[in-house]
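Worksheet: the structure to be examined is printed underneath.
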Amino acid sequence: MRAWFRERYLDLLGSIYIYNEHRGYTAIEQLLAAVQTRWPDDHPLIAKIDKHRADERKHYMMFRRWFERRGVMPLAVDRTCGHIDRFVGIMFGQRIDDLDQATVVNDDRLFARLCRVISLTEQRGYRQIEVLLRNPHVRSDRMLTKIFRIIEQDEPSHWAPYDGWLEAHGQRNSKWWEQLIDSYIHSELLMLKLPVLLLSPRLRRRTRWADERDPRPVLAAAE
Ligand SMILES: [Fe+2]
Ligand SMILES: [Fe+2]
């Protein structure tokens, strides 16, 4: 029973992470294109967001290799397990895919809101990694522990560009109710969705890797 639980827990944890990493870098690609259009000469900001995009893609690939090593595909979790999907949905009343990033980036008030959403999501991610690195199931898997340690190191540079923009433009930092929404989404995932999915036998595996359908990056630096 204990062995079954460990396998299932790690399987699900990896599946939720690989979903979120893929969602992260694909959404940042759109954001980067919009930022490059609005501030073509702000090379430091563009470079920082591009680094963020590249890191999230690197994280995605690390989880992909982890699954390849296990010889299974990730479980097919969907956007209900995506922290940023839920956050954008609540804050903008739209799915990320439907969000017109150019309109958001061209409006200081909307861009500030998006910066706060990304920054809170990344800071939440950092705190969660610290918790996971103390988890005995995670620690029993050397490769997964190594992945989380790399993410832990990368994470602080992920909220920096957005916090930097907010500070430079005199937009105040996250509001109490935005922090409350962030906590709500996190507890909902942890207390409600995770236990349900753990015991859900009907949860199928993906049949294809998410990155197989990635559009070619338009403006991002080639890798
Ligand atoms: Fe990541
Ligand atoms: Fe991140």
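The values are calculated or read from the model by the stated rules, or taken from the named source; none is laboratory data. The structure presented is a predicted model; accordingly, all values stated were derived computationally and were not measured. Positions of Cβ are generated from backbone atoms using ideal geometry, with glycine treated the same way; all protein chains shown enter the neighbour counts. These area figures cover heavy atoms from the full protein model, side chains too; ligands, DNA and RNA do not enter into them. Shrake-Rupley method; radii C 1.70, N 1.55, O 1.52, S 1.80 Å.
Scan the chain and note any complete DSSP helix (H) whose C-alpha atoms cover at least 30 Å along its axis and whose Kyte-Doolittle average is -0.5 or more.
Passing helices, by number: 2-38, 108-132.
So what is the relative contact order of the range 10-118, in percent, for Cα pairs below 8 Å that sit 6 or more residues apart?
Across the range 10-118, relative contact order equals 36 percent.
With the full set of protein chains in place, find how many percent of the accessible area of the chain is carbon and sulfur; take the probe as 1.4 Å.
54 percent
Given H placed on each backbone N at 1.01 Å, which residues far from Leu75 in sequence or on other chains put an amide H within less than 5 Å of it?
The answer is Ser15, Arg206.
Rank by packing, highest mean first: peptides 6-14, 80-88, with packing defined as the count of other Cβ atoms within 10 Å averaged across residues.
80-88, 6-14
Note the count of lysine pairs whose C-alpha atoms are less than 30 angstrom apart in the chain, limited to pairs 8 or more residues apart or on different chains.
Within the chain, the lysine pair count is 9.
Per residue, how many Å² of accessible area does the chain show with a 1.4 Å probe?
In whole numbers, the chain has 54 Å² accessible per residue.
Can you give me the relative contact order of the chain as a percent, contacts being Cα pairs under 8 Å and 6 or more apart?
Normalised by residue count, the contact order of the chain is 29 percent.
Would you mind estimating how fast the range 95-167 diffuses translationally, via Stokes-Einstein at 4 °C and 1.567 mPa s with the Kirkwood radius over Cα pairs, in µm²/s?
Using the Kirkwood radius from Cα pairs, D works out to 93 µm²/s.
Leaving ligands and nucleic acids out of the surface, order Arg142, Arg204 by accessible area at 1.4 Å, largest first.
Numbers: Arg142 205, Arg204 180 Å².
So, going from the largest accessible area down, we get Arg142, Arg204.
Normalising by the residue count of the range 102-223, find the relative contact order in percent from Cα pairs under 8 Å and 6+ residues apart.
Once normalised by length, the contact order is 26 percent.
Sort 182-193, 107-118 by the packing proxy (mean of other Cβ within 10 Å over each peptide's residues), most packed first.
The most tightly packed comes first, giving 107-118, 182-193.
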